[in-house]
Amino acid sequence: MAIGKKIKEATDEILKYVGGESNIISFDSCMTRVRFILKDNSKVNKTKLEKLKGVMGVVQSDKQAQVIVGPGIAAKIAERMKQDTKIYKRDMPEFKGKDKVKAKVKKKYNEPITHVFKRIAGKFKPHKKK
């Protein structure tokens, strides 16, 4: 079975067992999990979710459910949900303001002391023979 088909099937099953598309307010993903904000957490069938092939666990709290599917898979499932549904996909809070963070890091690594350390470290790097 092709990976695309496996992701589609996993996505469909996960959607079903978190209470269906109508029960989901929004979702996002991190490295290993697909995270949902739900209207009604009692509609989640944790037992069936945990039995799905590829699901490593389910964490519930208040109106949230997190389905643990492993590295790389969470992003694929979230992307598939985004394509197949009209559910709002939240941006990861970790990535908000990324341009400001990049600018700050760039500035930090362009400070004069950084150049001194780079020169010193460069002395210890092996040089290619010509």
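Please work out which residue is surrounded by the most Cβ atoms within 10 Å (Cβ to Cβ), limiting yourself to segment 1-37 and to residues that are among the hydroxyl-bearing types (Ser, Thr, Tyr) and within 16 Å of residue 83 (Cβ to Cβ). Filtering segment 1-37 for residues that are among the hydroxyl-bearing types (Ser, Thr, Tyr) and within 16 Å of residue 83 (Cβ to Cβ), the one surrounded by the most Cβ atoms within 10 Å (Cβ to Cβ) comes out as 29.
The residues of segment 13-37 that are without any contact (Cβ under 8 Å) to a residue 40 or more places away in the chain and either over 13 Å from residue 67 (Cα atoms) or not in a strand (DSSP E or B) (or both), listed by number, are 13, 16, 17, 19, 20, 22, 23.
Number of residues in segment 38-74 that are crowded, with 18+ Cβ neighbours inside 10 Å, in a loop (DSSP other than H, G, I, E, B) and within 14 Å of the chain's Cα centre (by Cα) equals 1. Could you list, in sequence order, the residues of segment 77-107 that are at pLDDT 70 or above, aliphatic (A, V, I, L, M) and in a helix (DSSP H, G or I)? Selection gives 77, 78, 81, 103.
Against the condition assigned to a helix (DSSP H, G or I), surrounded by fewer than 13 Cβ atoms within 10 Å (Cβ to Cβ) and at pLDDT 95 or above, how does residue 114 come out, does it pass? When the stated conditions are applied, residue 114 does not pass them. Working only within segment 1-55, note down all residues that are touching a Pro at 6+ places or on another chain (Cβ under 8 Å) and β-branched (Val, Ile, Thr). Across segment 1-55, the qualifying residue is only 32. Residue 51 meets each of the listed conditions (1) out of contact with any helix residue (DSSP H, G or I) (no Cβ under 8 Å at 6 or more places or on another chain); (2) at pLDDT below 95 apart from (2).
The values are calculated or read from the model by the stated rules, or taken from the named source; none is laboratory data. Here the structure is a predicted model, which is why all the values come from computation and not from measurement. Glycine also receives a Cβ, built like all others from the backbone with ideal geometry; neighbour counts cover every protein chain displayed.
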